[in-house]
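The values are calculated or read from the model by the stated rules, or taken from the named source; none is laboratory data. Just so we're clear, the structure is a prediction, and the values are computed from it rather than from any experiment. We place every Cβ from the backbone using ideal geometry, glycine too, and count neighbours over all the protein chains shown. Note: accessible area is taken over every heavy atom of the protein model, side chains too, but ligands, DNA and RNA are not part of it. Shrake-Rupley method; radii C 1.70, N 1.55, O 1.52, S 1.80 Å.
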Amino acid sequence: MGFMMRVLLVEDDELLGMALKAGLEQAGYTPEWVTDGETALEALRTSPFSVVALDLNLPHMSGIDVLRTVRQTSNLPIVIMTARDALDQRIEGLDLGADDYLVKPFKLVELMARFRAVVRRTQGLAQSVIMHRDIELDLGARTVRKGGKWLKLTAREYQILALLMTRIGRIMSKSEIEEQVYSWEGDVESNTIEAAIYTIRKKLGRELIRNVRGVGYVIAD
């Protein structure tokens, strides 16, 4: 997700949007797909996202206008998607604060690599590997090792672990974790997060994730 990422996918082409959403879900991301700029801005106002994939040719409100609006209040990572002959659009998008761009058609694996790169930059993570005590989390390869030994985590366990390890020292509430890990369409059972953290502790050690009573969870620095 790649490490755990909640992605806002803004693409009005139905076939491409469906394909990207399905591919991102299969790769362990949590994508939300909208087809116009106004809906994209509303989604950004009401839900947290890690990164935005923004098509510039949108109906009613252009992707450039979406980008300009977002940049008035947020430094959220944005990767713009443009047509092959839209050089002026790419330049304008980068000048307005887009973090990267891809020219259509592109491979899904390249889009995910761009996501990882721009999110690492905005979070101050120069490398894709995070070390904490004897735990090594590779954000690019989606792998975890403890004491040099590979561990097998479920997709959900990995997402929660990556979320906390990219925010070491920061307490995250249960609701924050749910918002980042689950999509709008998913119903979250009340004990889902607790159950996943319980199994992470069994695999990686009980001392790794602290429960701050009444506040949330944290991997202490």
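One residue stands out in the stretch 131-164 among those that are small (Gly, Ala, Ser) and out of contact with any Leu (no Cβ under 9 Å at 6 or more places or on another chain): the one that is least open to solvent (accessible area, probe 1.4 Å), namely GLY140.
ILE64 meets all of the listed conditions (1) under 20 Å from the mean Cα position of the chain (by Cα); (2) buried (at least 19 other Cβ atoms within 10 Å of the Cβ) but one, namely (1).
For VAL109, the conditions (1) under 24 Å from ASP12 (Cβ atoms); (2) open to solvent by less than 70 Å² (accessible area, probe 1.4 Å) are fulfilled apart from (2). The residues of the stretch 72-89 that are buried (at least 18 other Cβ atoms within 10 Å of the Cβ), at pLDDT 85 or above and out of contact with any Gly (no Cβ under 6 Å at 6 or more places or on another chain), listed by number, are LEU76, PRO77, ILE78, VAL79, MET81, THR82. Looking for something over 23 Å from THR166 (Cα atoms), part of a loop (DSSP other than H, G, I, E, B) and out of contact with any helix residue (DSSP H, G or I) (no Cβ under 9 Å at 6 or more places or on another chain) - is there at least one such residue anywhere in the stretch 40-55? No - not one qualifying residue is present in the stretch 40-55.
Residue pairs whose Cβ atoms lie under 9 Å apart, separated by 6 or more positions or on different chains, with the first residue in the stretch 203-221 and of a type in the set (Lys, Arg) and the second open to solvent by 100 Å² or more (accessible area, probe 1.4 Å), are LYS203/LYS152. Of all the listed residues (THR30, THR39, THR69, THR46), the sole one being more than 20 Å from the chain's Cα centre (by Cα) and surrounded by fewer than 22 Cβ atoms within 10 Å (Cβ to Cβ) is THR69.
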